[in-house]
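The values are calculated or read from the model by the stated rules, or taken from the named source; none is laboratory data. These figures come from a predicted structure and were not determined experimentally. Here Cβ is always computed from backbone atoms with ideal geometry, including for glycine, and neighbour counts include all displayed protein chains. The area values use the complete protein model at the heavy-atom level, side chains included, leaving out ligands, DNA and RNA. Shrake-Rupley method; radii C 1.70, N 1.55, O 1.52, S 1.80 Å.
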Amino acid sequence: DAGITQSPRHKVTETGTPVTLRCHQTENHRYMYWYRQDPGHGLRLIHYSYGVKDTDKGEVSDGYSVSRSKTEDFLLTLESATSSQTSVYFCAIRLVPSYNEQFFGPGTRLTVL
Amino acid sequence: RKEVEQDPGPFNVPEGATVAFNCTYSNSASQSFFWYRQDCRKEPKLLMSVYSSGNEDGRFTAQLNRASQYISLLIRDSKLSDSATYLCVVNMPASGTYKYIFGTGTRLKVLA
């Protein structure tokens, strides 16, 4: 257990509304990641962070923004949700120094109507 | 060609059987390799990291073949509780850094 929580765990929202998902970790990990998982695709990286205020884009970052103002919280924002953003979102941390193992939060199931 | 490829299955095996999964990867400069287990509607959980010399954890054995660019997972004496989707993950170079690339998973069903 890497001490990762995600909130909310489930959310239903309407197209065009802003949505923020929160990832919280208690063990001072430097690296944090946001992924989405959809049928027929492996987990795909949205954004990641390598420290407070240090973030970078992943392969599917369009329509998403992130913020990390403190070590323990990594926020993912959908500025104007679309139905194509209906997905399961997982947050992860990376162990350093280590073999680079990642550990995942329990996920947020988001439905955009 | 996908960067990480897995047979989606499902692999249906009886209890007690031995089953093996392979996963191929495209980038020979890949650095780290992992097998994760994912149960339905749950998060991926690390099953094993895969080291160059191969490694074993109880009924599970992982191998890395850099020459042929694949990793494997062997499960011996399958249990009903092994039924899950197994994800192959490779840490490979991308745009000046390293990224984790996930396979789409192999479904395993262990039958009583």
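Summary of computed values
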| quantity | calculated |
| --- | --- |
| Close pairs (9 angstrom Cβ cut-off, 6 or more residues apart or separate chains): in contact (Cβ under 8 Å) with a residue 24 or more places away in the chain and away from chain A (no Cβ under 14 Å) in segment B:1-20, loosely packed, with under 12 Cβ neighbours inside 10 Å and of a type in the set (G, A, S) anywhere | B:P14/B:A112; B:E15/B:A112 |
| Test: B:D77 is open to solvent by 40 Å² or more (accessible area, probe 1.4 Å), out of contact with any Asp or Glu (no Cβ under 9 Å at 6 or more places or on another chain) and touching a residue at least 40 places away in the same chain (Cβ under 8 Å) | no |
| Residues satisfying the stated conditions in segment B:6-26, i.e. modelled with pLDDT of 95 or more and charged (D, E, K, R) | B:E15 |
| When residues of segment A:1-37 are limited to those that are touching an Asp or Glu at 6+ places or on another chain (Cβ under 8 Å), open to solvent by 10 Å² or more (accessible area, probe 1.4 Å) and more than 10 Å from every other protein chain (Cβ to nearest Cβ), the one nearest to A:F104 (Cα to Cα) | A:G3 |
| Looking only at segment A:95-113, and only at residues there that are surrounded by 17 or more Cβ atoms within 10 Å (Cβ to Cβ) and hydrophobic (A, V, I, L, M, F, W, C), the one that is farthest from B:P44 (Cα to Cα) | A:V112 |
| Positions within segment B:27-56 being assigned to a loop (DSSP other than H, G, I, E, B), more than 9 Å from chain A (Cβ to nearest Cβ) and modelled with pLDDT under 95, in sequence order | B:N27, B:S28, B:A29, B:S30, B:C40, B:S52, B:S53, B:G54 |
| Qualifying positions in segment A:38-94 - open to solvent by 50 Å² or more (accessible area, probe 1.4 Å), in contact (Cβ under 8 Å) with a residue 40 or more places away in the chain and of a type in the set (A, V, I, L, M, F, W, C) | A:L75 |
| Selection from segment A:56-113 of residues that are more than 14 Å from chain B (Cβ to nearest Cβ), among the hydrophobic types (A, V, I, L, M, F, W, C) and assigned to a strand (DSSP E or B) | A:V66, A:F74, A:L75, A:L76, A:L78, A:V112 |
